[in-house]
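The block underneath contains the structure these notes are about, expressed in structure tokens.
The values are calculated or read from the model by the stated rules, or taken from the named source; none is laboratory data. Small disclaimer: the values here were computed from a predicted structure and weren't measured. Every residue, glycine among them, receives a Cβ derived from its backbone with ideal geometry; neighbour counts consider all protein chains shown. Quick note on the areas: whole protein, heavy atoms, side chains included, nothing else; ligands and nucleic acids left out. Shrake-Rupley method; radii C 1.70, N 1.55, O 1.52, S 1.80 Å.
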Amino acid sequence: MALTFSFQGKSSPQESPKTDRQPAVAGKFYPASQDSLRAQLSDLFHTAKPRTVKNLQAVICPHAGYVFSGPVAASGINQVDPDKVYDNIFIIGSSHQVSFMGASYIIRVIT
């Protein structure tokens, strides 16, 4: 299993740069330390709405700071069946750091 965190956009029709980057808002919108982040995520998922949706096709979640949107996002992600086998999982979002044509994305490739 590989997890790729990337962002891609086109600055011109001829270019399609791809850049991996470090977290830009660690310590601001979520804890900077790995242990604190794991604890916060554990709490969010523990108190989130349990799975009630069958045959889920898509999840649309907010992605503000975890103190603002974490409970809603965790409840949305909890709807994903952990026992189902997925070929690919795509996470698409806007960029808050730079302007570009295209979309930010994370792709989880299951192998």
Of all residues in region 73-111 being of a type in the set (V, I, T) and open to solvent by 100 Å² or more (accessible area, probe 1.4 Å), the one that is modelled with the highest pLDDT:
V85
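Out of the residues in region 17-72 meeting the condition of being part of a loop (DSSP other than H, G, I, E, B) and touching a Ser or Thr at 6+ places or on another chain (Cβ under 7 Å), tell me which one is least open to solvent (accessible area, probe 1.4 Å).
A48
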